[in-house]
1. How high is the relative contact order of the stretch 184-332, in percent, counting Cα pairs under 8 Å that sit 6 or more residues apart?
2. Using θ = phi - 60° and the Karplus curve 6.51 cos²θ - 1.76 cosθ + 1.60, what whole-Hz ³J(HN,Hα) does each residue of the stretch 109-121 get, with Gly and Pro shown as x?
3. Return the inverse of the average 1/r over all pairs of distinct C-alpha atoms in the chain, which is the Kirkwood hydrodynamic radius, in Å to one decimal.
4. Given R₀ = 56 Å, FRET efficiency for E133-N363 by Cβ-Cβ distance, to 0.05?
5. Under 21 Å between alpha carbons: how many lysine pairs meet that in the stretch 1-115, if sequence neighbours fewer than 8 apart on the same chain are excluded?
6. Which whole-Hz couplings ³J(HN,Hα) result when phi for each residue of the stretch 385-395 is put into the Karplus expression 6.51 cos²θ - 1.76 cosθ + 1.60, θ = phi - 60°, listed in order with x for Gly and Pro?
7. Do any GluC sites (Glu not before Pro) in the stretch 216-296 lie in a loop, going by DSSP, with at most 10 other beta-carbon atoms within 10 Å of their beta carbon, and if so which?
8. Choose one of F433, L475, G312: the residue whose Cα lies farthest towards the positive end of the charge dipole of the chain (beta-carbon charges +1 Lys, Arg; -1 Asp, Glu; about the Cα centre).
Amino acid sequence: MIKPETIQQIFETVRIEEVIGDFVSLRKRGSNYLGLCPFHNEKTPSFSVSPSKGIYKCFGCGKAGNAINFVMEHEHYSYPEALRFVAKRYSIDIEETEVTPEMRQELDERESMFTLNGFIAKYMSSNLLSSDEGKAIALSYLKERDFREATIEKFELGYAIDNWQDYSDHALKNGYKKEILVKTGLSIQKENDKGLIDRFRGRVIFPIHNLTGKVIGFGGRILTSEKKAAKYLNSPESEIYNKSKVLYGIFFARNAIVKNDNCYLVEGYTDVISMHQAGIENVVASSGTSLTVDQIRLIKRYTPNITILFDGDPAGIKASFRGIDLILEQGMNVKIVLFPEGQDPDSYVRSHRSSETEEFIKNQAADFITFKTRLMLDETAGDPTAKASLIKEIVQTISVIPDGITRTVYVKECSVVMEVPEQTLMNELNKIFRKRFRKGADRPREFVEDTVVQLPPKEQIEFDPLTMKGHEADLLRILLSYGEQTFLMEIEEDELEKYEDKEIEVRVADYLIDDFKHEQIQFENEMYNKILNEYISIWEEGKLPPNNHFINHNDPQIVNTVIDLLSSAYQLSDNWETNKIFVKTEEDQLKLVVMSAWMSFKSRMINKQLKEITEELKKSGNEEADIYLLQQQYFELKKIANQIDKELKRTFTY
Ligand SMILES: [Zn+2]
């Protein structure tokens with residue numbers, strides 16, 4: 001269990017724009033940040049982050065929350081997992097009660113798998129760096145590849161001892177459970193007895209980290225020339241390791257990807273590590289699988305630009321063309337860099353200075369479609385049939401690009417490269433689209449997407465179209481947003497002699513809560529009441545709840561309610577800002593906002609009571625005395641209602 005003090009420290013330290021900025025590329029806009037929503041597919045940013053409120057909100061799909069909610073939603077983490085992640089991000093030491101063997105049992109399975117993987121990674125790393133076998137076989141191999149010790153430690157490289165029951169035994173001895181060893185794929189259950197054997201033996205180990213730096217699986221490279229064994233062996237898929245959703249190196253690369261607004265995609269673990277060591281850190285590898293849509297989306301969270309680094313093997317390049325179409329389909333920009341024959345990124349970076357490698361990549365990077373066209377054109381030289389099918393294939397590739405303008409640019413470009421009239425390509429493109437429309441299912445995405453992101457129309461201040469809940473929401477929102485601010489209020493005539501000035505400074509919270517208490521008002525909405533009462537109890541201690549008190553509340557329902565309340569107004573002011581409409585903000589006219597919300601609420605409440613009394617009076621069978629009492633109440637209320645209405649009109653007509 002994480003101690004409450006630690007949780008508080010996390011909430012005090014966390015800056016939402018930084019946490020979200022690790023996953024989404026954000027641009028500053030006014031006092032907020034704007035980016036592409038990671039929760040739905042969009043081309044126009046409608047995902048907004050407010051540092052001052054500590055919340056995010058997507059105007060496209062409606063998702064909203066605080067920094068911890070974001071991590072939970074985005075990474076599919078539990079609450080404690082999200083807290084731990086954010087704590088790690090800010091190097092906050094998590095204080096928790098010691099993990100005893102009994103408590104370890106209680107930790108959920110996922111958590112146990114992560115813990116075990118971390119434990120094994122550490123063990124393998126110590127094998128590599130300090131066991132005789134590890135040093136002699138594996139460390140020497142890595143040093144030969146010019147891997148520095150700091151790099152080895154950073155990527156947590158390790159060595160699995162060449163023994164059937166080495167780390168399995170070690171883990172069991174340290175209290176890790178057999179089921180978890182099998183579930184992570186680290187150990188294999190022997191068929192005839194209950195013992196475990198190690199999956200990885202005599203291999204250099206490359207731990208595979210998820211976005212948050214946790215080890216989710218392992219890759220192992222064999223060093224002996226044993227013919228039967230595969231060169232690379234990977235952990236099998238498990239509850240925490242899904243090959244198609246992971247990119248090797250993403251944890252170490254993500255900040256650099258955002259910074260460079262580009263992601264280099266390479267083939268192997270060692271390519272990633274070598275380039276990283278050379279200071280080129282925006283590199284990931286799809287590690288063994290062909291590129292999947294999930295992996296592309298993972299990159300797209302950080303940048304729309306991918307540069308694929310190929311070693312000079314034409315067969316390998318052609319095999320990956322289909323995968324590249326997937327990248328284009330996601331609306332991303334793809335460039336290709338071809339390394340000289342016999343070289344891969346790993347060897348190139350080892351034999352050149354970092355600046356030379358960067359220079360090489362920059363100069364060689366060719367746009368994918370142009371690259372593909374050139375490469376295939378060479379093969380079709382002098383063969384008209386082959387050229388015709390090439391045209392079809394290239395146009396097919398162009399057709400998957402969601403953006404119309406980009407498609408047009410490519411048509412122009414390819415018509416030059418292939419020496420084919422632009423119109424021919426256009427006709428071919430239209431043919432493909434017509435076919436797709438007939439099929440119906442597979443429309444170009446832009447037609448769908450462009451209609452999604454519509455900011456809601458500007459709200460207008462209206463008097464009483466609101467439901468009771470609407471009034472309550474408005475009042476509570478004002479209390480939460482401006483409770484500590486003050487406005488000047490005129491002193492009523494009969495009280496004038498008590499004060500020196502004609503006006504006094506009133507705090508919004510005091511103004512509202514005084515009235516709430518004086519008139520013994522409760523909200524109808526239960527959730528609002530809960531929040532209001534908590535606010536009032538803090539107020540009664542002579543304090544006001546700190547800014548993020550409710551946003552970081554441990555009751556998730558309160559968090560959601562408050563975020564909804566705060567983001568509704570935030571949306572409004574954001575609109576004003578966006579559309580450059582000159583409107584006084586709420587803060588500029590705080591008194592007006594507070595008074596009118598308060599009076600509207602009361603007016604609505606009284607009208608409701610009046611209605612109830614009228615209903616009651618209509619009922620037959622009331623005692624005469626009761627009728628008299630009800631009438632009395634009615635007139636009292638009516639008087640107040642009239643006063644309020646007059647006041648409301650006065651307030652709004654200056
Ligand atoms: Zn969204």
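Just so it is clear, none of the values below were taken in a lab; they were calculated from the coordinates. All of these numbers come straight from a predicted model, not from anything done at the bench. Note that each Cβ is placed from the backbone with ideal geometry, even for glycine, and that neighbours are counted across all protein chains shown.
1. Computed over the stretch 184-332, the figure is 18 percent.
2. 4, 4, 4, 5, 5, 4, 4, 4, 4, x, 5, 5, 4
3. 30.0 Å
4. 0.80
5. 8
6. 5, 4, 5, 4, 6, 4, 4, 4, 5, 5, 4
7. E226
8. Toward the positive end, the furthest listed residue is G312.
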